[in-house]
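*Asks:* Here it is, the structure in full.
The values are calculated or read from the model by the stated rules, or taken from the named source; none is laboratory data. The structure presented is a predicted model; accordingly, all values stated were derived computationally and were not measured. Methodologically, a virtual Cβ is constructed for each residue, glycine included, from the backbone with ideal geometry; neighbour enumeration extends over all protein chains shown.
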Amino acid sequence: MESVFRSARYVLTAHRFDQLPPDRGAEVAFAGRSNVGKSSVINALTDHRGLAKISRTPGRTRQINFFDIGAQWRLVDLPGYGFARVPREMKRHWSGLLERYLRERTALRGLIIIMDARHPLTDLDRRMLDLARDAGHPVHVVLNKSDKLSRSAAARALAALRREPAIVSVQLFSTVARVGVDELRTVIGSLLAIPEVPGGGKRKAPVS
Ligand SMILES: Nc1nc2c(ncn2[C@@H]2O[C@H](COP(=O)(O)OP(=O)(O)OP(=O)(O)O)[C@@H](O)[C@H]2O)c(=O)[nH]1
Ligand SMILES: [Mg+2]
C-alpha cells in the first residue's frame, strides 16, 4: 500500500469541469475548510514534501488538483471552503464546480473530509457532509492538527464525530507528529479497492 502512495505524481489542475482528467479508474477526494491541512495530509500520505502546495495563506488551493497513484487511481485536492476574502463571483464558481464534481464524477469513490481536531463540525463542514450524502458518497473524516490537543480532548472529539450518522468513519491525524498516516492509507485503499499485496505490510484492525 505504502509504495502505491509513494509513487504519487501530479497530473493536472482543473479550473473548470471540462478540464478534469478522463472519468476512468477510481479516485478519492479531499475536502475541508481553508487552511485545515488538506495539502499537508496529501503530502504526508505520499511522502512528498512539495507535491501539493502548502501555505500559511488560507485559500491557496483554488482549483482542483489531481495526483496519480499507480496507473488507475487518483487523489484529488479540492479547493478549501470558508475563506472569507474570496470575491463572491469566485465562490459561486467554485461551489458550482464542486457540486457538479460530486454529482457527476463516476470515478469518485469517496470523500475524505478534513476537519480541525480543535473545532470540528463547523456549519460549512456540515454543508459539505450534506453535499456528500446527497451525492451518495461515503465520508471518512480526518481530524487533523491533533498534535494541538491533549489525549483526552482528542478522544472526546473522536467520540463526538462517531455519533454523526453521515460519517462512515473518523480518525485522528497530525502531519506534524505523523499520526494516522497508515490508517488513512488503509481507508483510502479500501475506498479505491486497491488490493493489498499478500504479506506486504501488517494487517490492520478495521477502522471504526
Ligand atoms: N500543528 C499542525 N499544523 C498543521 C498540520 N497540518 C497542516 N498544518 C499547517 O496548517 C497550515 C495549512 O496547511 P495546508 O496544507 O496548506 O492547508 P490546506 O487545507 O491545503 O489550505 P488551503 O489549500 O489554503 O485551503 C500550514 O501552515 C501547515 O503547516 C498539523 O497536523 N499540525
Ligand atoms: Mg491546499
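*Asks:* For the stretch 128-157, how many residues are in contact (Cβ under 8 Å) with a residue 40 or more places away in the chain and exposed (fewer than 14 other Cβ atoms within 10 Å of the Cβ)?
*Replies:* The qualifying residues number 0.
*Asks:* Please go through the stretch 12-55 and pick out each residue that is more than 14 Å from ligand 2 (Cβ to nearest atom) and of a type in the set (Phe, Trp, Tyr).
*Replies:* PHE17, the sole residue that qualifies.
*Asks:* Which members of the stretch 105-152 meet the condition of being at negative phi, within 16 Å of ligand 2 (Cβ to nearest atom) and in contact with an Asp or Glu (Cβ under 8 Å, 6 or more places away or on another chain)?
*Replies:* Scanning the stretch 105-152 gives ILE113, MET115, ASN144.
*Asks:* Starting from residues that are assigned to a loop (DSSP other than H, G, I, E, B) and acidic (Asp, Glu), keep the ones in the stretch 1-48 and report whichever is nearest to ligand 1 (Cβ to nearest atom).
*Replies:* To start, the set of residues in the stretch 1-48 that are assigned to a loop (DSSP other than H, G, I, E, B) comprises 1, 7-8, 15-16, 20-25, 34-37, 47-48.
With the extra rule that they be acidic (Asp, Glu), the set shrinks to 23, 47.
Values: ASP23: 24, ASP47: 15 Å.
Among those that are assigned to a loop (DSSP other than H, G, I, E, B) and acidic (Asp, Glu), it is ASP47.
*Asks:* Taking the stated definitions as given, is ILE64 without any contact (Cβ under 8 Å) to a residue 60 or more places away in the chain and within 9 Å of ligand 2 (Cβ to nearest atom)?
*Replies:* no
*Asks:* On to the next question. Which residues, counting only those in the stretch 130-171, are more than 13 Å from the chain's Cα centre (by Cα), within 16 Å of ligand 1 (Cβ to nearest atom) and either of a type in the set (S, T, N, Q) or within 10 Å of ALA117 (Cα to Cα) (or both)?
*Replies:* Selection gives LYS145, SER146, ASP147, LYS148, LEU149, SER150, ALA153, ALA154, ALA157, LEU158.
*Asks:* Restricting attention to the stretch 165-189, report how many residues are farther than 18 Å from VAL4 by Cα, in contact with a strand residue (DSSP E or B) (Cβ under 9 Å, 6 or more places away or on another chain), modelled with pLDDT of 95 or more and not β-branched (Val, Ile, Thr).
*Replies:* Residues in the stretch 165-189 being farther than 18 Å from VAL4 by Cα, in contact with a strand residue (DSSP E or B) (Cβ under 9 Å, 6 or more places away or on another chain), modelled with pLDDT of 95 or more and not β-branched (Val, Ile, Thr): 5 in total.
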